[in-house]
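For reference, the structure discussed in these notes is given below.
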Amino acid sequence: MAFIKHCWVLLLVLVIAFVLQIIFFSPISPEILQLPLPSSSVSVPPSNSQLQKVIKLGEGLLIGPEDVAVDEKGTLYTATRDGWIRRLHRNGSWEDWMKLESNTVLGIATAKRGGLIVCDCKAGLLKFTDDGVRVLASHVHGSEIRQMFADDVIEASDGSIYFSVASTKFQLHNWHLDLLEAKPYGQLLKYDPSTEQTSILLDALYFANGVALSKDEDFLLVCETMRFRCLKYWLKGESKGKTEIFIENLPGGPDNINLAPDGSFWIALLQLVPEGTELVHTSKALKRIISNFPKLIELVVGGEKRKATVINVAADGNILERFDDPNGTVITFVTSAVEFEDHLYLGSLNTDFVGKLPLK
């Protein structure tokens, strides 16, 4: 009997030690995630299957084309996980344009004076031209951008470049931990080409993601993925330098955002919290435990790979249209949507093609 008693005591000690190990040595120090609430101020159209009509461009050639950009000539650019910047010409031919020894190239934008501006998690803010690659910004306030999570970028007509840092703690490969931790590690940065200096416009953002300029460039929008909302940062006028909520309580976490020709915005939404997993984000202890097990993380926060959603939002913050692939039948994990000549071009971290959707 004494032996059995000692065994039970030993087992209890081991269980307690295991739990303490998980709690105190967890890779995260979590807070409660504020999930979107029903709001009368935001009218969301019903789900549909419009994204199942997409045409697949470059299928099999592209690996996780996260973002898409189109220049004035109609040449389409995308960055893939094998480090290539590939472009699709008007004649339908693909070109391996530029190669970067990195699998962390994310947001891209066409430059006003030619070339492509690129965010790379490891290298920082870059500019690609036919002559090669140049590093525009590698530090901000003494910190290396390559140690952060440079995400999306846009250039203004005066040459100023605005870009986001999703997280100053987590990188692309473990971005799910940022969702579980639910703390504001994101930033909105500005690169000034005249001084070649980078400054922080906004700090303490909840996974700062997509960045877009308004048609008149009087305000800037930045997506806070983990807050299910987009912020408006005023660049001109009486409100210059002030920040307000552009749209909130979105039916998914906003990823990239792009200006449409009519002055509205296309926003890709991620299903960050699959139905039935909401409880996880209300418990700090549960999140600590889950963060230690990759399989559990994928189960709890892997919803973005099961469907696709894109919305069109007017300049006043009202949702105009919604396109879905509710079951991920054709396309999943759409991360960007760019409109060009009555078509919507879709990037995704979970496909081997760029989607093309006719709008008319």
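No value in this document is a laboratory result; all are computed from the given coordinates. Everything numeric here is computed off the predicted structure, so don't read it as measured data. Every residue, glycine among them, receives a Cβ derived from its backbone with ideal geometry; neighbour counts consider all protein chains shown.
Using a ≥ b ≥ c from the Cα gyration tensor of segment 214-349 (square roots of the eigenvalues), is it rounded, prolate or oblate, where a/c under 1.5 gives rounded and otherwise the larger of a/b and b/c decides, a/b for prolate? Verdict is oblate for segment 214-349. Look at where the Cα atoms of segment 250-310 and of segment 45-117 average out, and the two centres are 23 Å apart.
With 0.36 nm allotted per residue and the present C-alpha distance subtracted, the Thr75-Leu201 stretch has 42.2 nm of extension available.
If you take all other residues with their beta carbon under 13 Å from the beta carbon of Ser239, and give Lys and Arg +1 and Asp and Glu -1, the sum is +1. Full extension of the chain between Glu244 and Asp131 gives 36.6 nm of extra length, using 0.36 nm per residue less the Cα-Cα distance.
For a straight C-alpha distance cut-off of 21 angstrom, the lysines reachable from Lys53 (same-chain residues fewer than eight places away being disregarded) are Lys305, Lys307, Lys356, Lys360.
The C-alpha atoms of the chain define a longest principal axis, and helix 2-24 lies at about 20 degrees to it. In percent, rounded to a whole number, the relative contact order of the chain is 19, using alpha-carbon pairs under 8 Å and six or more apart.
With 20 Å bins beginning at zero, the pair-distance distribution over Cα atoms of the chain amounts to 30, 56, 11, 3, 0 %. Candidate cross-link partners of Lys240 among the lysines, defined by an alpha-carbon separation under 18 Å and a same-chain spacing of 8 or more, comprise Lys190, Lys215, Lys232.
Classify segment 178-230: rounded, prolate or oblate, from the alpha-carbon gyration tensor (a ≥ b ≥ c, eigenvalue square roots; a/c under 1.5 rounded; otherwise prolate if a/b is larger than b/c)? Verdict is oblate for segment 178-230. The HN-Hα couplings worked out from phi for segment 123-130 by the Karplus form 6.51 cos²θ - 1.76 cosθ + 1.60 (θ = phi - 60°) are 9, x, 9, 10, 10, 9, 9, 4 Hz, whole numbers, x standing for Gly and Pro.
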